[in-house]
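The values are calculated or read from the model by the stated rules, or taken from the named source; none is laboratory data. Given the structure is predicted, the values throughout are model-derived calculations rather than measurements. Don't worry about glycine lacking a Cβ; one is built from the backbone with ideal geometry, like all the others, and counts go over all protein chains shown.
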Amino acid sequence: MQDVIVIGGSYAGMAAALQLARARRKVLVVDAGQRRNRFARHSHGFLGQDGVDPARISAEARRQLLAYPTVTWIEGEAVAISGCKDDFRLARADGTAHAGRRILLATGVRDRLPDIPGLPERWGKTVFHCPYCHGYELDQGRIGVIAAGAMSLHQAKLLPEWGEVAFLTNGALTLEPEQRDDLRSRGVAVEETPIARIAGEAEVELRDGRVLPFAGLFTATRTEPAGPLAEAAGCELIETPMARQILTDETKETSLPGIFACGDVARAPHSVSLAVDDGAWAGAQLHRSLVWPG
């Protein structure tokens, strides 16, 4: 019987597991190996790790975590959760099962990208979602914002802090006159011709044949849990302007007693720093729930 089974071994999951390990609790991490930022070459804005390869950060964090004797790490896919508080069962895709008193869902999210040829191949390389993570490296070059919904307008108004911005609506939204005025006041150009494809490093080919070169592109993706595990277990999910995510209270416990959630799957906005913070808090709260079951 594990004290806590952590499902997802990326930044939030490892941060939570570290707090529990340091409380000498038995922790099992089950990880499918699909970090959300696996496409990015460098991590930026993460204190102490600015500019470092995310794979290197993850590997070093895992090495440090596994130095604690009460931590076990299994590579595999979690497919089902059953049982109740103090007596959960986690089933894996290979048919094996594990018992735990608490469950932590740190499964991460899936990005829903605009349906534009060439965009998925450049995701995390020259197409981004977070200006604080990637804006500085564009060196005040020309930035294209590809509309994906209402949040794209906020993104377009923020990004002039990092360079000259063109807002490509691509049929995703219709701008009201006051919105156009607001964008104009921020120096944002509006391009309404639909996009045909993304080419080169960050070149936008429009359907009228024009090609717009950019230093980088941004789009406000909408996210959802990376898999059906939480919903299938009965955890309540909520809709926000940015995401479909697991509902948690201030202690990071879900609507099901004994099941907690943290990281991108349970909060917004998203970044490595925020995921680590959320995971560390969840780990401490999990420990307290074991000390004082309530």
Of the conditions (1) in a loop (DSSP other than H, G, I, E, B); (2) surrounded by fewer than 17 Cβ atoms within 10 Å (Cβ to Cβ), A148 fails just one. Which one is it?
-> (2)
May I ask you to verify whether E250 is assigned to a loop (DSSP other than H, G, I, E, B) and of a type outside the set (F, W, Y)?
-> yes
Filter region 2-45 down to residues that are more than 19 Å from A78 (Cβ to Cβ), of a type outside the set (G, A, S) and under 17 Å from the mean Cα position of the chain (by Cα), then give me how many there are.
-> 5
What is the residue count in region 173-219 for residues that are farther than 17 Å from I143 by Cβ, assigned to a loop (DSSP other than H, G, I, E, B) and in contact (Cβ under 8 Å) with a residue 12 or more places away in the chain?
-> 8
Checked G83, G48 against criteria (over 15 Å from the mean Cα position of the chain (by Cα), in a strand (DSSP E or B) and on the phi > 0 side of the Ramachandran plot); the one match is G83
When region 117-127 is examined, which residues are found to be within 21 Å of A226 (Cα to Cα) and either modelled with pLDDT of 95 or more or not hydrophobic (A, V, I, L, M, F, W, C) (or both)?
-> L119, P120, E121, R122, G124, K125, V127
Within region 238-281, how many residues are farther than 17 Å from R112 by Cα, surrounded by fewer than 24 Cβ atoms within 10 Å (Cβ to Cβ), modelled with pLDDT of 95 or more and among the polar types (S, T, N, Q)?
-> 3
Of the residues in region 128-141, those that are modelled with pLDDT of 95 or more, buried (at least 17 other Cβ atoms within 10 Å of the Cβ) and assigned to a loop (DSSP other than H, G, I, E, B) number 1
Hey, G95 surrounded by fewer than 22 Cβ atoms within 10 Å (Cβ to Cβ) and on the phi > 0 side of the Ramachandran plot or not | yes
What residue, of L119, L90, is under 25 Å from the mean Cα position of the chain (by Cα), surrounded by 16 or more Cβ atoms within 10 Å (Cβ to Cβ) and within 13 Å of V29 (Cβ to Cβ)?
-> L90
